[in-house]
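Since every read-out is calculated from the coordinates, none of them should be taken as a lab result. Only a predicted model underlies this, so the values are computations on that prediction, with no experimental measurement involved. Neighbour counts are summed over all protein chains in view; Cβ atoms, including those assigned to glycine, are modelled from backbone coordinates with ideal geometry.
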Amino acid sequence: MPSPPSRKPGSLTVLNPAWRSPAAWATLVLVAVLGFSLDLWSKSWAFEHVAPAPVVLDRDEILADPGWRPPPHQGMTVLPFGLLDFDLVVNHGAVFGIGQQQRSLFIVFTVVAVLVATFIFAFMTRATSHWVHVGIALILAGGLGNLYDRIVFGAVRDFLHMTPGWDLPFNWNWPNSSTELFPWVFNIADVLLLAGMGILIIRSGRDAPDRAGEGDSPVEEDQGVVDTNQQT
């Protein structure tokens, strides 16, 4: 009896890839859409309610003035003991204000990153790697949320300010000369990005995909699992 067909040794084809699984696609799309929607809603709510009057962003004005900032406002206390305030900021850079005035670069980078993340999901993860799919979806949601802001408003809307007024100990300061414990203002998209990367780091070892042609592991065919060492 002839041996079943097997893939070539050294093949990097993932067994049961995610692109074949409707459930995997549903997880990716659902989590990404929910995260994206939450990010946009939270930004809109903050810029309407945190300041005494709604802050309307004019894209042309923001692009013409790299130093544009929302009108001065007191902000909103959210958690006691100075743990979290809402303060309105427009970020012309990336997460936590990195890379100011590089809008076009970040737009291109985000588009490429979204395409790469989708490719990794489809062809480099298994259909059963649910937590990995959630992590990728959170990264997509965060990236798309900030990409939307850069395209529509010319800058990213931020409003989450942790530990306002808390200073670093021993008179330390950050490279930007700030003495605040956490001087950056961020948004839900940034949280989604960091959460997604955290999930991928935690699950990377546990959900490492089985690949055809590695060692003596069985090769999964469309109708079942066969042993590549099976003889006639």
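Take the Cα pairs of the range 119-210, get the Kirkwood Rh, then feed it into Stokes-Einstein at 37 °C and 0.692 mPa s and tell me D in µm²/s. Don't skip to the answer; put the middle values down first.
Values: Rh = 15.5 Å.
Translational diffusion coefficient: 212 µm²/s.
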### Query
Summing +1 for each Lys or Arg and -1 for each Asp or Glu, what net charge is found among the other residues whose Cβ lies under 11 Å from the Cβ of THR163?
-3
